[in-house]
Amino acid sequence: MSRRELQLSDDDLTPVDTLTSPSPTRIAETLRTGRCPPDRAFDSFLPEDLRAASAEYWTPLAVALQAARWLDEFGVQRVVDIGAGPGKFCVAAALASRCELVGLEHRPRLVAVARTLARQFGVKDRACFQQGSLGACLPAAGAYYLYNPFAENLFGPGNTLADDVEFSCDRFALDIHRVQNAFRQAPRGTVVITYNGFGGCMPASYESVRVDRQLPCVLRMWRKTEVGDDGTFSLVDAD
Ligand SMILES: C[S@@+](CC[C@H](N)C(=O)[O-])C[C@H]1O[C@@H](n2cnc3c(N)ncnc32)[C@H](O)[C@@H]1O
């Protein structure tokens with residue numbers, strides 16, 4: 001089935017759905033069967049300011065569905081979303097795959113929203129959230145997902161999602177360095193999925209194994225194919 005056939009529009013909703021909003025149950029069922037509800041319907045369960053930020057900051061559902069297909073195809077069991085926001089990717093991917101999702105997020109308010117969202121969509125057992133900043137190590141997982149999480153450091157004062165955390169070019173460089181090191185130390189077979197890149201280059205021990213260029217930004221899946229890591233970088237764009 002093509003993506004166009006899988007993407008539901010408002011016209012696909014029943015009259016009841018268009019009069020009210022589709023329920024979390026209906027959205028969840030749609031995602032579980034690999035079809036894509038309108039982002040607007042899913043986003044209606046976010047607080048108003050986060051709904052308004054969705055197009056710029058949160059993963060579109062079509063992207064989460066494609067990532068979920070790849071994760072199941074590669075038999076991944078546990079995925080960490082580095083910079084999970086209000087949990088849109090984790091919740092949608094938990095519904096559309098067999099994986100357990102862990103969201104790491106430094107903004108306490110977003111963690112609280114993400115936990116509520118996971119409860120509303122009935123996946124609180126497979127989508128959980130940890131409040132904290134990226135440290136020197138990453139939680140253990142078979143896969144990591146990054147939607148360009150550190151870019152906000154470069155947006156400048158007044159242009160970020162909210163002024164509740166400190167951003168800087170130094171922090172950007174440190175965060176990129178930390179994930180690259182963690183990826184270098186990860187076991188062979190580790191999967192990394194980037195949407196719109198992650199701001200740095202992938203270590204050369206990772207191979208690009210899937211790419212989708214039909215989405216608003218490039219979605220790419222990498223897999224660690226070398227046992228060791230010689231400190232060099234992949235020549236493939238981490239777009
Ligand atoms: C572009 S949003 C992506 C959100 C989510 N992954 C999604 O796809 O819907 C990036 C998120 O990363 C968070 N973030 C940025 N730097 C972080 C860090 N160093 N540690 C934890 N979270 C971070 C931001 O607060 C923001 O919510």
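Say we look at the range 156-174 and pick out the residues that are in contact with an Asp or Glu (Cβ under 9 Å, 6 or more places away or on another chain) and among the polar types (S, T, N, Q); which of these is farthest from G132 (Cα to Cα)? The qualifying residue farthest from G132 (Cα to Cα) is N159. Listed by first and then second residue, the pairs linking a residue in the range 105-127 that is in contact (Cβ under 8 Å) with a residue 12 or more places away in the chain to a residue that is charged (D, E, K, R) and outside any helix (DSSP H, G or I), with Cβ atoms under 7 Å apart and 6 or more places separating them unless they lie on different chains, are R107/D164; V111/E105; A114/E105; A118/K124; R126/E100.
The conditions of being among the aromatic types (F, W, Y), in contact with a helix residue (DSSP H, G or I) (Cβ under 6 Å, 6 or more places away or on another chain) and more than 30 Å from T225 (Cβ to Cβ) are not met by F89.
From the list G228, G200, G189, the one residue that fits, being on the phi > 0 side of the Ramachandran plot and either in contact with a Lys or Arg (Cβ under 8 Å, 6 or more places away or on another chain) or of a type outside the set (S, T, Y) (or both), is G189. Number of residues in the range 84-98 that are β-branched (V, I, T) and either in contact with a Lys or Arg (Cβ under 6 Å, 6 or more places away or on another chain) or assigned to a loop (DSSP other than H, G, I, E, B) (or both): the value is 0. Going by the structure shown, is V76 modelled with pLDDT of 95 or more, more than 14 Å from the ligand (Cβ to nearest atom), among the β-branched types (V, I, T) and surrounded by 17 or more Cβ atoms within 10 Å (Cβ to Cβ)? Spelling it out, V76 is indeed modelled with pLDDT of 95 or more, more than 14 Å from the ligand (Cβ to nearest atom), among the β-branched types (V, I, T) and surrounded by 17 or more Cβ atoms within 10 Å (Cβ to Cβ). Might you let me know whether the range 216-232 holds any residue that is farther than 29 Å from C36 by Cα, surrounded by fewer than 16 Cβ atoms within 10 Å (Cβ to Cβ) and acidic (D, E)? Scanning the range 216-232, I find at least one residue that is farther than 29 Å from C36 by Cα, surrounded by fewer than 16 Cβ atoms within 10 Å (Cβ to Cβ) and acidic (D, E), so the answer is yes.
Let's see how each residue does on (1) more than 20 Å from M202 (Cα to Cα); (2) in a loop (DSSP other than H, G, I, E, B):
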site: L117; (1), (2): yes, no
site: G122; (1), (2): yes, yes
site: L134; (1), (2): no, yes
site: C137; (1), (2): no, yes
site: A140; (1), (2): no, yes
site: Y145; (1), (2): no, no
site: N148; (1), (2): no, yes
site: G156; (1), (2): yes, yes
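A single entry from C90, C99 fulfils the requirement of being touching a strand residue (DSSP E or B) at 6+ places or on another chain (Cβ under 7 Å) and away from the ligand (no atom under 13 Å from the Cβ): C99.
Restricted to the range 152-170, and to residues there that are free of Cβ contacts under 8 Å to residues at least 60 places away in the same chain and within 7 Å of the ligand (Cβ to nearest atom), the residue that is nearest to R107 (Cα to Cα) is V165.
The values are calculated or read from the model by the stated rules, or taken from the named source; none is laboratory data. All values reported here derive from a predicted model rather than from experimental measurement. Positions of Cβ are backbone-derived with ideal geometry, glycine not excepted, and every protein chain shown enters the neighbour counts.
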